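The values are calculated or read from the model by the stated rules, or taken from the named source; none is laboratory data. Keep in mind that this is a model prediction, so the values were computed, not measured. Here Cβ is always computed from backbone atoms with ideal geometry, including for glycine, and neighbour counts include all displayed protein chains.
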Amino acid sequence: MMRRYCIITLLLYSVMLCINIDAWSSLKRFRHLWQPNINRVNESLSLKRDPLNSLKGKLQSINFQNSAPSQGGREKRLFPLFTLVKFDNNVCVGLNGENGTCIAASECSKRGGVSSGVCANGYGVCCIVTVSCGETTSNNNTYFVNPNYPSTFDGTISCQLTLVKSHPTVCQFRLDFLQFNTRGPETTNHQCIYDQFIVSGGNPVSTICGNNADNHIYVDTGLGQTNPVTLTFVTSGNSFARSWKVRVSQIRCNTIYRAEEGCLQYFTGISGQIKSFNYDPNTGLQLSNQDYSICIRMERNFCGIQYMACPIDDKDVLANDGATMARMARSNGFTLTGNTQAMQIASMTGAACQTDWLTIPCASNTGRLPTSMMTCIDRICGGTFNAENQNLNASSVISTVKPFRLIFHTDSVEAPNDVGNRGFCLNYIQQPCTTKLR
């Protein structure tokens with residue numbers, strides 16, 4: 001719509017310019033009709049007074065007229081100033097590294113954005129739009145920030161942002177948590193009773209809180225003009241420095257980055273890392289009341305996927321004694337059930353996982369022979385990542401079920417049986433198609 005408005009405006013200016021040029025040319029022709037008679041009178045008077053000088057002046061006038069630029073040349077130089085330039089409003093990267101939208105400078109100002117560098121060969125600017133509480137936006141690549149940003153916020157508030165589709169072909173919103181630091185859950189049952197992040201208007205999204213920087217979610221909106229989606233940060237109580245910066249991207253239905261339907265998280269690429277919300281190897285607490293799907297796009301010529309619990313660096317471990325550091329390095333990448341605060345908990349699989357679990361379809365260990373006769377399992381829980389039941393050694397786990405999809409489930413109760421569980425952090429790498437993997 002805005003490009004059409006710009007084109008119409010430029011066309012009107014071009015028409016007005018042509019009218020002025022035609023009027024100026026007509027006036028010049030009108031003057032030429034009378035100029036010969038005046039010239040002949042002047043010439044006759046000049047010849048009578050000074051014939052030689054009069055002839056010399058006439059020759060100079062002829063030379064000047066031949067050397068003057070033509071009206072056509074003048075028009076050719078003026079026309080390029082009004083050439084229509086069309087460019088797509090694609091994603092661009094601003095001078096500060098943030099994603100923006102390539103649009104005209106005037107349009108960026110109307111949207112309340114800030115120009116951050118040029119794009120489209122200098123015809124557009126990379127427009128960065130930042131919004132906060134109580135606003136509505138339909139702009140792609142909008143940044144939703146806390147009050148007083150970039151300073152932290154310490155107080156009680158219900159901060160809402162309303163998202164409207166920029167086009168009917170938008171099917172999803174992707175929310176990237178560039179910053180997300182709110183008060184975590186209470187420590188008994190790990191429920192978000194102090195601070196909450198709530199998504200309403202799209203597919204069901206579990207409430208989350210705590211530290212979720214570098215994580216993301218997808219919100220399905222359906223095809224066509226649907227109801228707006230509302231993002232809400234609810235904070236309660238003082239004495240906590242909260243901050244958030246959420247990049248909102250609008251995903252069209254026909255793009256390769258559209259997530260499969262029903263996927264709260266969607267990962268692309270041959271390898272990557274998946275973390276549960278509020279995961280931290282030292283201070284994180286697994287959130288209660290979670291139930292969502294995590295999807296990984298199957299890349300071309302890859303038929304399987306392998307998962308490994310994230311290794312814990314020594315610098316990330318708070319304990320000083322070697323035994324505790326070794327235990328944490330083995331287990332803190334995956335702790336879902338049991339009292340993992342007191343000791344390392346063995347892996348649990350299948351029917352043994354009744355409260356909290358991670359589903360990996362038809363999962364099995366890789367890299368070594370199983371300790372007993374085993375078939376593929378779906379649920380894994382406990383305090384060690386392993387597809388075998390009651391194993392204290394972490395293992396890589398592989399699955400060849402397509403599409404690649406995990407399901408994470410937690411109930412509403414932790415204590416007294418489940419204590420100190422952090423959640424999970426898994427690295428994944430897709431496996432190429434071979435005679436064994438198809």
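Note on region 394-438: enclosed strands (runs of 3 or more DSSP E) holding 1 or more residues that are touching a Gly at 6+ places or on another chain (Cβ under 8 Å) and more than 19 Å from PRO311 (Cβ to Cβ) are 397-399, 423-432. Evaluation of GLY155 against the conditions (1) within 15 Å of the chain's Cα centre (by Cα); (2) part of a loop (DSSP other than H, G, I, E, B) shows that the sole unmet condition is (1). Filtered by the rule that a residue be modelled with pLDDT under 95 and among the polar types (S, T, N, Q), region 278-300 gives ASN282, THR283. Regarding region 323-331, can at least one residue be identified that is closer than 25 Å to ILE208 by Cα, of a type in the set (S, T, N, Q), surrounded by 13 or more Cβ atoms within 10 Å (Cβ to Cβ) and modelled with pLDDT under 95? Checked against the condition, which is being closer than 25 Å to ILE208 by Cα, of a type in the set (S, T, N, Q), surrounded by 13 or more Cβ atoms within 10 Å (Cβ to Cβ) and modelled with pLDDT under 95, region 323-331 yields at least one hit.
For residues that are hydrophobic (A, V, I, L, M, F, W, C) and at pLDDT 95 or above, scanning just region 393-412, find the one that is surrounded by the most Cβ atoms within 10 Å (Cβ to Cβ). That would be VAL397.
Of the strands (runs of 3 or more DSSP E) that lie entirely inside region 101-147, those containing 2 or more residues that are closer than 30 Å to ILE157 by Cα span 124-131, 135-137, 142-145.
The residue list SER249, SER200, SER239 contains one member that is more than 28 Å from PRO168 (Cβ to Cβ) and of a type in the set (Ser, Thr, Tyr), which is SER239. For SER293, are the conditions met, namely being touching a residue at least 12 places away in the same chain (Cβ under 8 Å), crowded, with 21+ Cβ neighbours inside 10 Å, touching a Gly at 6+ places or on another chain (Cβ under 7 Å) and not assigned by the TED database to the domain that holds PHE180? In short, no.
Condition first: over 18 Å from the mean Cα position of the chain (by Cα), modelled with pLDDT under 95 and not hydrophobic (A, V, I, L, M, F, W, C). Can you find one or more residues in region 160-180 that meet it? For region 160-180, residues over 18 Å from the mean Cα position of the chain (by Cα), modelled with pLDDT under 95 and not hydrophobic (A, V, I, L, M, F, W, C): present.
Kindly indicate the residue of region 188-242 that is crowded, with 16+ Cβ neighbours inside 10 Å and of a type in the set (Asp, Glu) and also modelled with the highest pLDDT among those meeting that condition. My answer is ASP195. I'd like the residue in region 152-198 that is out of contact with any Asp or Glu (no Cβ under 8 Å at 6 or more places or on another chain) and without any contact (Cβ under 8 Å) to a residue 60 or more places away in the chain and, out of all such residues, is nearest to PRO416 (Cα to Cα). For region 152-198, the residue satisfying everything is GLU186.
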